[in-house]
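Attaching a single structure in structure tokens format; questions to follow.
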Amino acid sequence: MRTIKMFMQGAGIAALLVATPTLAQSRIDRARTAVAEATAKVEAAEKAGATTHASETMARAQESLRVARDQLARDHRDSTINEARRASGLADQALEEAERNKTAQASNEREQRLAAEAAANAAASDAAAEREQRAAAESAAAQAQNQAAAASQQAAAAQQAATVAAAEAAAAKESSTTITTTTSAPAARSYSSKKTTVKRTVRKPATTAAPRTTTTTTVETKNN
């Protein structure tokens, strides 16, 4: 019985000695694997633009990866695995933040572009309205000038008509004709004769423009 017990103790010690290198090798492999995974995630986040769009989180992930590599080089397996896992988590977080920030930035840029286009359209509309107002003002000014010219022409025509009318009136006055009629009364019984002279003035129309003519009629009257 004592022999069997000693045999079993020896077998257990041998098994422990055999298993110890295997366990140690497994831990170092896990540490290396964790560092490799963390490295891949950090590089993927960097390529996705996390350094720009999630700079703070990305800096923490890079620092954790640096510490994990340093711990692996010192053969600190447990701390290596912990830092590598932390670096992987931070890299994933940085990648998500970068995607959100890029989406938000794209949305902001789109809104700014739309706002700029709207402002440009409004400016173009205002410029078009200003051009239309200027054209309307120029048209109104031209119309006013035309009306002023027409009024000036009408005034000139009226003045010319007045001048013609005055000239015609003066010509009519100058072309008036005086006709003188002389009448002689009958003679009295004493056979004395008496002459009566009557003058009449006749005005002829201005259109004939004939010279002034005086007609004298003499009537002789005898008195007994």
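Every number in this text was worked out from the coordinates using simple rules, so none of it is lab data. Quick caveat: nothing in here was measured; it's all calculated off a predicted structure. Glycine also receives a Cβ, built like all others from the backbone with ideal geometry; neighbour counts cover every protein chain displayed.
Let me know the charge dipole size of the stretch 23-80 about its Cα centre in debye, to the nearest 20, where only the beta-carbon of Lys, Arg (+1) and Asp, Glu (-1) is charged.
Details: 10 positive and 9 negative charges, 30 e Å.
Charge dipole of the stretch 23-80: 140 debye, to the nearest 20.
Assigning unit charges at the beta carbon (Lys, Arg +1; Asp, Glu -1) and nothing else, what dipole magnitude in debye, to the nearest 20, does the stretch 62-162 show about its Cα centre? Numbers along the way, then the final one.
Numbers: 12 positive and 16 negative charges, 28 e Å.
With only Lys, Arg, Asp and Glu charged at Cβ, the dipole is about 140 debye.
For the stretch 109-115, in order, what is each residue's ³J(HN,Hα) by Karplus, 6.51 cos²θ - 1.76 cosθ + 1.60 with θ = phi - 60°, in whole Hz (x at glycine and Pro)?
The phi angles translate into 5, 5, 5, 5, 5, 5, 5 Hz.
Along the stretch 62-67, what does the Karplus equation 6.51 cos²θ - 1.76 cosθ + 1.60 (θ = phi - 60°) give for ³J(HN,Hα), rounded to whole Hz, x for Gly and Pro?
Rounded to whole hertz, the list is 5, 5, 5, 5, 4, 5.
For Ala170 and Ser26, calculate 0.36 nm times their separation in residues minus their Cα-Cα distance, and state this gained length in nm to one decimal. Display every interim value, and only then the final one.
Details: separation 144, 0.36 × 144 = 51.84 nm, distance 14.08 nm.
My answer for the length gained is 37.8 nm.
Once you have the Kirkwood Rh of the stretch 80-156 from its Cα pairs, apply Stokes-Einstein at 25 °C and 0.890 mPa s and quote D in µm²/s. It would help to have the intermediate numbers written out before the result.
On the way: Rh = 18.7 Å.
In µm²/s, the coefficient rounds to 131.
Another question about this same structure. Taking the Cα-to-Cβ direction at Ala151 and at Arg66 and moving 7 Å from each Cα, how far apart do the two end points lie in nm?
Using points 7 Å along Cα→Cβ, the separation is 8.9 nm.
Here's something else I'd like to know. Restricting attention to the stretch 26-95, which trypsin sites (Lys or Arg not before Pro) occupy a DSSP loop and are surrounded by at most 13 other Cβ atoms within 10 Å? Please list the in-between numbers first.
Working: sites: Arg27, Arg30, Arg32, Lys41, Lys47, Arg60, Arg66, Arg69, Arg74, Arg77, Arg85, Arg86; in loops: Arg74.
Of the trypsin sites (Lys or Arg not before Pro), the ones in loops of the stretch 26-95 whose Cβ has at most 13 other Cβ atoms within 10 Å are Arg74.
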